[in-house]
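The values are calculated or read from the model by the stated rules, or taken from the named source; none is laboratory data. For clarity, every value in this text was computed on a predicted model and none was experimentally measured. Here the Cβ positions follow ideal geometry from the backbone for every residue, glycine too, while neighbour counts run over all protein chains shown. Only protein heavy atoms, including side chains, enter the accessible area calculation; ligands, DNA and RNA are left aside. Shrake-Rupley method; radii C 1.70, N 1.55, O 1.52, S 1.80 Å.
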Amino acid sequence: LPSMEALNFLWRTKKISMIAVSVDDSWQIILNFLTRLSREPSFLILHDPNKQVATGLFGSKKFPETFLIDPEGRLIKRFDGSRAWNSPAVLADLEALMGWK
């Protein structure tokens, strides 16, 4: 989550929306996690305890997963596992996928 926050900050002037989807059983688990952070995230967190969005819409099987989706709702790229979203190599790959480089 901290590297997602850093990425969202770096891209704050871009026309993107970042949304995290949590499949935790209760919102309280999410709140407990968020209280350990130094501040609230700058992006939305969708609570999906029944995994309707995660597995139904995106076909998630393994968490964490990240989906880069275009404005028309088409999948550009799927990333399985965690990433250092603010690392130079990952940033370069993402910017190339977005057509910004």
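Only one of (1) assigned to a helix (DSSP H, G or I); (2) under 17 Å from Ser17 (Cβ atoms) fails for Leu34. Which number is that?
(2)
Please give the number of the condition Gly73 fails out of (1) out of contact with any strand residue (DSSP E or B) (no Cβ under 9 Å at 6 or more places or on another chain); (2) modelled with pLDDT of 90 or more; (3) farther than 21 Å from Ser3 by Cα; (4) open to solvent by less than 90 Å² (accessible area, probe 1.4 Å).
(2)
Look at the range 1-23 and say how many of its residues are of a type outside the set (Val, Ile, Thr), open to solvent by less than 60 Å² (accessible area, probe 1.4 Å) and not in a helix (DSSP H, G or I). Show your work before the answer.
Within the range 1-23, the subset of a type outside the set (Val, Ile, Thr) is 1-12, 14-15, 17-18, 20, 22.
Next, from what is left, pick out any that are open to solvent by less than 60 Å² (accessible area, probe 1.4 Å): 1, 3-8, 11, 18, 20, 22.
With not in a helix (DSSP H, G or I) added as a condition, the list becomes 1, 11, 18, 20, 22.
Matching residues across the range 1-23 total 5.
Spot the failing condition for Leu46; the list is (1) at pLDDT below 90; (2) over 18 Å from Pro2 (Cβ atoms), and only one is missed.
Result: Leu46 fails condition (1) only.
Scan the range 30-61 residue by residue and report those that are exposed (fewer than 11 other Cβ atoms within 10 Å of the Cβ) and touching a strand residue (DSSP E or B) at 6+ places or on another chain (Cβ under 6 Å).
Scanning the range 30-61 gives a single hit, Leu44.
Anything in the range 76-101 that is open to solvent by less than 50 Å² (accessible area, probe 1.4 Å) and either touching a helix residue (DSSP H, G or I) at 6+ places or on another chain (Cβ under 7 Å) or assigned to a helix (DSSP H, G or I) (or both)? List them, or say none.
Of everything in the range 76-101, those that are open to solvent by less than 50 Å² (accessible area, probe 1.4 Å) and either touching a helix residue (DSSP H, G or I) at 6+ places or on another chain (Cβ under 7 Å) or assigned to a helix (DSSP H, G or I) (or both) turn out to be Trp85, Val90, Leu91, Ala92, Leu94, Glu95.
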